[in-house]
1. Counting other Cβ atoms within 10 Å, which trypsin sites (Lys or Arg not before Pro) in segment 8-105 have at most 13 and lie in a DSSP loop?
2. Under a crude label model (7 Å from the Cα following the beta-carbon direction), how far is A100 from E112 in nanometres?
3. Relative contact order of the chain, please, whole-number percent, based on alpha carbon pairs below 8 angstrom and at least 6 residues apart.
4. Using the crude model of +1 on Lys and Arg Cβ and -1 on Asp and Glu Cβ, and no other charge, please compute the dipole size for segment 1-115 relative to its Cα centre, in debye to 20.
5. As an exercise, use a Förster radius of 30 Å and the Cβ-Cβ distance of N17 and E73 to find the FRET efficiency, rounded to the nearest 0.05.
6. More than 21 Å apart: what percent of Cα pairs in the chain qualify?
7. Quick check: net charge around V33, other residues with Cβ under 13 Å of its Cβ, Lys/Arg +1 and Asp/Glu -1?
8. Short version: ³J(HN,Hα) in whole Hz for each residue of segment 54-64, in order, from phi by Karplus 6.51 cos²θ - 1.76 cosθ + 1.60 (θ = phi - 60°), x for Gly and Pro, what are they?
Amino acid sequence: MHESGRSLLDAWITAINDRAVEDLLPLYNEGAVVLPTFAPKIADDPQAIRAYFENLASRSEFGVKLDENSFREQRIGYLSVICGLYAFTLGEGKDTKFWASRFSFVLDLSQEHPILHHHSSALPKSGS
């Protein structure tokens, strides 16, 4: 189990960057909900979450880098809400793009599969 939201996020980032979908999926609770950056539909069951990450990991270029200064964590007992900014690298060869994104996770750190909710979305191009 993870002692903090940050240690869970580090494990998540490592799994993403290693394209280790089989290491990533156990981080998600069976009832987890994912609002994904690169898909139009909510992934709210294990099969949909698997399909989403397998699709991303199949790209020739895929990875994520945390903006260290943006990370925030709020704790209430075993519940943790983490949020911040990260940037994805995603694409195929010359079509590879960088996607600055924001994220939030709701975690139950007492659980073996702690991610209950994960939201990720591309940052708007300009402020309003």
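1. Values: sites: R19, K41, R50, R59, K65, R72, R75, K94, K97, R102; in loops: R19, K41, R59.
Loop-located and lightly packed - K41.
2. 4.1
3. Once divided by the residue count of the chain, the mean separation gives 26 percent.
4. The calculation lands at about 440 debye.
5. Taking R0 as 30 Å, the efficiency between N17 and E73 is 0.90.
6. Counting pairs separated by more than 21 Å, the tail of P(r) holds 36 percent.
7. Details: positive: K41; negative: E30, D44, D45.
Around V33, the surrounding residues sum to -2.
8. Residue by residue, segment 54-64 yields 5, 4, 5, 5, 7, 6, 5, 10, 7, x, 9 Hz.
Readers should treat all values here as calculations from the given coordinates under stated rules, not as data from a laboratory. What you see is a predicted model; the values in this text were computed from it and never measured. Please note: Cβ atoms are built from the backbone with ideal geometry, for glycine as well, and neighbour counts cover all protein chains shown.
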